[in-house]
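Colleague: Got a structure for you, written out below as structure tokens; questions coming shortly.
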Amino acid sequence: MYTLIMNKPIGIFDSGLGGLTILRGLEKAMPSENFIYFGDTAHVPYGSKSPQTVTNYSLQIAKFLEKQNIKFLVVACNTASALALDTLVKNIKVPVFGVIEAGCCAAVHKTKNKKIAVIGTHGTVKSSAYKKLLNVIDKNIKVAQIACPLFVPVIEEGWHKTKAAEIIARAYLDTVKKSGADTLILGCTHYPIMKPLIKKIMGSVHLIDSAEEIAKQVKKVLQSKNILKKTGASNTVFYVSDDAESFEQKAAQILGRKTGKVNLKKL
Ligand code: DGL
């Protein structure tokens, strides 16, 4: 049966729970849109894996979402955006949107002392995707990049409000403080889940959580292509590659609502 393009869902994926921070922003900005979310819970974390492995998983997910008849794909994962975006754009027929540019633009806009710090996974930091783009926008900006590999497992385990999380966060963020940056990009979609703790430690430093900016940009692109669904009820369907039950519980806490049945799709 033929489906009107604007009624088709927006595909969105991450290694696990992190992309929910982006989904939250998208749902708020476009309350009538339909979404399909894929969390690759069998392979989280992406941050410590090779570019080839992350690209391979990302491509499999994108192909699966394409088969679900999506109209647009949001790569709600910085690691996959840094390592796999070009491959996805070449191999997927619908427009593909990565999450790195929005954070860079917001940070450049915010910084006064032209010192920006980026925290992210090993994969994102090694790729220097943020540093390169920030310096394309303004070559005088000093960029400090700090990998925080323990944050994702802490968040996936639901430990982000514990004393252990605070000890780990203080150790990583001490390096950020020493950089003198007045602006800190949360360069992993998982990190906004522990934003209250990061805020407490970083004090007056501006935190860039790009979810809101990304939602604005995605909405603009959909509007420009005349494929934004503006009215009617919305629907979000969830898929994970492992342990749907545990995802369902944790996702409900992050989204502040029930997800409905989470489907299992092995890659
Ligand atoms: N949330 C993802 C990111 O933005 C992936 C984290 C991971 O799986 O290591 O980078």
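The values are calculated or read from the model by the stated rules, or taken from the named source; none is laboratory data. What you see is a predicted model, and the numbers here were worked out from it, not measured in a lab. Virtual Cβ from ideal backbone geometry, glycine too; neighbours counted across all protein chains shown. SASA here: full protein model, heavy atoms, side chains in, ligands and nucleic acids out. Shrake-Rupley method; radii C 1.70, N 1.55, O 1.52, S 1.80 Å.
Colleague: List the residues of region 33-54 whose backbone N lies under 20 Å from a point placed 7 Å from the Cα of SER234 along the Cα-to-Cβ direction.
Modeller: 33-39
Colleague: So how many Lys-Lys pairs in region 9-92 land under 24 Å Cα to Cα, not counting same-chain pairs under 8 apart? Before the final figure, lay out the partial values.
Modeller: Working: LYS28/LYS71; LYS49/LYS63; LYS49/LYS90; LYS63/LYS71; LYS63/LYS90; LYS67/LYS90; LYS71/LYS90.
So the count works out to 7.
Colleague: Each residue of region 35-46 in order: what ³J(HN,Hα) in whole Hz does its phi give by Karplus 6.51 cos²θ - 1.76 cosθ + 1.60, θ = phi - 60°, with x for Gly and Pro?
Modeller: 10, 10, 9, 10, x, 7, 5, 6, 10, 5, x, 7
Colleague: What whole-number value in Å² describes the accessible area per residue of the chain for a 1.4 Å probe?
Modeller: On the way: 12460 Å² over 267 residues.
Computed with neighbouring chains in place, this is 47 Å² per residue.
Colleague: How much net charge surrounds GLU156 when only the other residues with a Cβ under 12 Å from the Cβ of GLU156 are counted, with Lys and Arg +1 and Asp and Glu -1? Each step should come with its number before you reach the end.
Modeller: On the way: positive: LYS250; negative: ASP14, ASP40, GLU157, ASP242, ASP243.
It works out to a net charge of -4.
Colleague: Can you list the HN-Hα couplings for region 117-133, worked out from phi with the Karplus curve (6.51, -1.76, 1.60; θ = phi - 60°), rounded to whole Hz and with x for Gly and Pro?
Modeller: Using θ = phi - 60°, the values come out as 10, 10, 10, x, 7, 4, x, 5, 5, 4, 6, 6, 4, 5, 4, 4, 5 Hz.
Colleague: Note the full-extension length gain between ALA42 and SER246 as 0.36 nm times their separation in residues minus their Cα-Cα distance, in nm to one decimal.
Modeller: 72.2 nm
Colleague: Something else about it: Would you mind getting the Kirkwood hydrodynamic radius of the chain from its Cα pairs, rounded to one decimal in Å?
Modeller: For the chain, the Kirkwood estimate is 18.6 Å.
Colleague: Next question. Return one quarter of the surface area of the convex hull spanned by the alpha-carbon atoms of region 85-176, equal to its mean projected area, in nm².
Modeller: Mean orientational projected area (region 85-176, Cα hull): 7.6 nm².
Colleague: While we're looking at this one, here's another question. Treating the angle as unsigned and between 0 and 90°, give the value, to the nearest 10°, between the Cα long axis of helix 244-255 and the longest Cα principal axis of the chain.
Modeller: 60 degrees
Colleague: Counting other C-beta atoms within 10 Å, and keeping those with at most 16, which DSSP coil chymotrypsin sites (Phe, Trp or Tyr not before Pro) do you find in region 122-217?
Modeller: Qualifying residues, ordered by number: TRP159.
Colleague: Can I ask one more? Which pairs break 32 Å Cα to Cα here: LYS115/LYS220; LYS200/LYS265; LYS93/LYS265; LYS142/LYS265?
Modeller: Long pairs (Cα-Cα over 32 Å): LYS200/LYS265; LYS142/LYS265.
Colleague: Dividing the convex hull volume of the Cα atoms of region 179-240 by its residue count, what figure in Å³ per residue is obtained?
Modeller: Convex hull of Cα atoms, per residue: 151 Å³.
Colleague: Hey, another quick one. What is the dipole size for the chain, taken about its Cα centre, with +1 at each Lys and Arg Cβ and -1 at each Asp and Glu Cβ, in debye to the nearest 20?
Modeller: 660 debye
Colleague: Moving on. Classify region 1-83: rounded, prolate or oblate, from the alpha-carbon gyration tensor (a ≥ b ≥ c, eigenvalue square roots; a/c under 1.5 rounded; otherwise prolate if a/b is larger than b/c)? Each step should come with its number before you reach the end.
Modeller: Numbers: a/c = 2.67, a/b = 1.58, b/c = 1.69.
It is oblate, given that a/c is not under 1.5 and a/b is not larger than b/c.
Colleague: Let me ask something additional. Once amide H atoms are placed 1.01 Å from N in the peptide plane, what residues at a sequence separation of 5 or more from ILE208, or on another chain, have their amide H within under 5 Å of its amide H?
Modeller: Under 5 Å from the amide H of ILE208 lie the amide H atoms of LEU184, ILE185, LEU186, each far enough along the sequence or on another chain.
Colleague: Within the chain, what whole-number % of the accessible surface is contributed by carbon and sulfur, with the 1.4 Å probe and all protein chains included in the calculation?
Modeller: Looking at the chain in its full context, I get 54 percent from C and S.
Colleague: Determine Rg/Rh for region 1-142; Rg is computed over alpha-carbon atoms and Rh is the Kirkwood hydrodynamic estimate from the same atoms.
Modeller: My calculation of the ratio gives 1.00.
Colleague: Treat region 119-172 as a sphere of radius equal to its Kirkwood radius over Cα pairs and apply Stokes-Einstein at 25 °C in a medium of 0.890 mPa s; give the translational diffusion coefficient in µm²/s, rounded to a whole number.
Modeller: 197 µm²/s
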